[in-house]
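Below is one structure, written out as structure tokens; comments come after it.
The values are calculated or read from the model by the stated rules, or taken from the named source; none is laboratory data. Everything numeric here is computed off the predicted structure, so don't read it as measured data. Here the Cβ is made from the backbone with ideal geometry for all residues, glycine too, and neighbour counts use every protein chain on show.
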Amino acid sequence: MDITIELLNRGHIRADINHVVGGTVMGTANDSNPQTMMGESPVYNLVIEHPEATILWDTGSHPSAGDGYWPPELYAAFEHYDADEHELASDLATAGYDLAEIDAVVMSHLHLDHAGGLYEFAGTDVPIYVHEDELKYAYYSANTDAGSVAYVASDFDHDLNWEIVHQRSETHFEGIEFVHLPGHTPGLLGVQITVDGKTLIVAGDQAYVRDNYDQERPMSTGLLWSSSHWFESLQRLKDRERRHNATVVCGHDAGDVARLREGIGSE
């Protein structure tokens with residue numbers, strides 16, 4: 001089947017690396033005040049050209065993230081410092097696509113660095129695939145004092161053509177499997193893409209960077225809805241990797257972004 005994958009560069013987030021890999025910098029009796037280590041993580045989306053549809057994976061951050069759109073304390077912790085340079089329509093155009101060419105959107109989850117471009121599809125009939133558990137938790141979090149602070153209602157509270165994913169695994173396009181990976185959020189979705197006998201698994205923020213996946217070192221508890229679900233999802237993901245001899249790419253890993261840019265999984 002003729003499927004190609006195009007990487008969209010959506011900017012960079014700067015944050016304390018202890019968020020990304022919990023306990024990376026820890027104090028000791030000999031060093032009770034270790035220096036904070038800041039790191040940069042890429043934000044990316046994918047355009048999946050499929051015979052049935054042109055599919056967008058995630059939508060990045062809102063371009064006004066640093067201009068008061070994100071809660072100030074959250075932006076200070078996860079500074080998407082170049083979000084204003086990465087409007088979705090512009091980044092699509094850079095890759096040779098028009099917004100109107102997108103036939104479907106698959107949301108890994110609805111955190112503010114992934115759902116910030118959904119407004120572009122408001123009032124259209126473009127299907128927005130999201131897991132049932134994710135949509136419920138996003139509205140719950142954004143409209144109560146409970147849940148997670150990483151959801152902004154104005155990212156997703158639009159007239160959108162939601163297509164709800166209910167199961168642990170669903171296939172809506174031939175050769176593309178949606179995989180439920182709860183842990184980071186209740187409704188995180190990964191995608192498994194099979195092209196010419198090769199398998200690519202886009203894990204999303206199930207693994208923020210390679211250390212989360214390769215060394216099984218979780219993100220900080222602040223980035224996990226459920227630690228036990230995260231570990232269970234990680235093992236299921238690794239089982240898929242073994243069974244399909246798959247290439248797994250993480251949600252914000254610079255090395256994986258470079259591999260995607262080189263066309264891994266699209267040949």
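A compact table of results
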| item | result |
| --- | --- |
| Test for Y75: is it under 20 Å from N18 (Cβ atoms), assigned to a helix (DSSP H, G or I), under 19 Å from the mean Cα position of the chain (by Cα) and among the hydroxyl-bearing types (S, T, Y) | yes |
| Residue list for region 202-216, restricted to those being under 8 Å from D253 (Cβ atoms) and without any contact (Cβ under 8 Å) to a residue 60 or more places away in the chain | A207, R210 |
| Residue check, D155 touching a residue at least 24 places away in the same chain (Cβ under 8 Å) and either buried (at least 19 other Cβ atoms within 10 Å of the Cβ) or part of a loop (DSSP other than H, G, I, E, B) (or both) | yes |
| Pair list, Cβ < 6 Å and 6+ apart or interchain, from region 234-258 residues that are surrounded by 17 or more Cβ atoms within 10 Å (Cβ to Cβ) and among the β-branched types (V, I, T) to residues that are modelled with pLDDT of 95 or more and in a helix (DSSP H, G or I) | V248/E241; V249/D256 |
| Residue among T28, T54, T4, T36 that alone is under 21 Å from V257 (Cα atoms), surrounded by fewer than 19 Cβ atoms within 10 Å (Cβ to Cβ) and modelled with pLDDT under 95 | T4 |
| Pick from region 166-214, criterion polar (S, T, N, Q) and within 26 Å of T24 (Cα to Cα), ranking: surrounded by the fewest Cβ atoms within 10 Å (Cβ to Cβ) | N212 |
| S141 vs. criteria out of contact with any strand residue (DSSP E or B) (no Cβ under 8 Å at 6 or more places or on another chain) and either surrounded by 15 or more Cβ atoms within 10 Å (Cβ to Cβ) or modelled with pLDDT under 95 (or both) | yes |
| Residue list for region 74-105, filter: of a type in the set (D, E, K, R), touching a residue at least 24 places away in the same chain (Cβ under 8 Å) and out of contact with any Gly (no Cβ under 6 Å at 6 or more places or on another chain) | E79, E85, E87, D91, E101, D103 |
| Test: residue in region 171-186 that is of a type in the set (S, T, N, Q) and under 17 Å from H19 (Cβ atoms) | yes |
| In region 239-250, residue farthest from the chain's Cα centre (by Cα) [restricted to those that are of a type outside the set (S, T, N, Q) and within 21 Å of W57 (Cβ to Cβ)] | H244 |
| Any chance Y81 is more than 30 Å from T171 (Cα to Cα), among the aromatic types (F, W, Y) and under 21 Å from the mean Cα position of the chain (by Cα) | yes |
| Conditions (1) at positive phi; (2) out of contact with any Pro (no Cβ under 9 Å at 6 or more places or on another chain): number failed by Y139 | (1) |
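Conditions (1) more than 20 Å from the chain's Cα centre (by Cα); (2) part of a strand (DSSP E or B), marked per residue:
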| site | (1), (2) |
| --- | --- |
| E6 | no, yes |
| N18 | no, no |
| G22 | no, no |
| V25 | yes, no |
| P42 | no, yes |
| E49 | no, yes |
| I55 | no, yes |
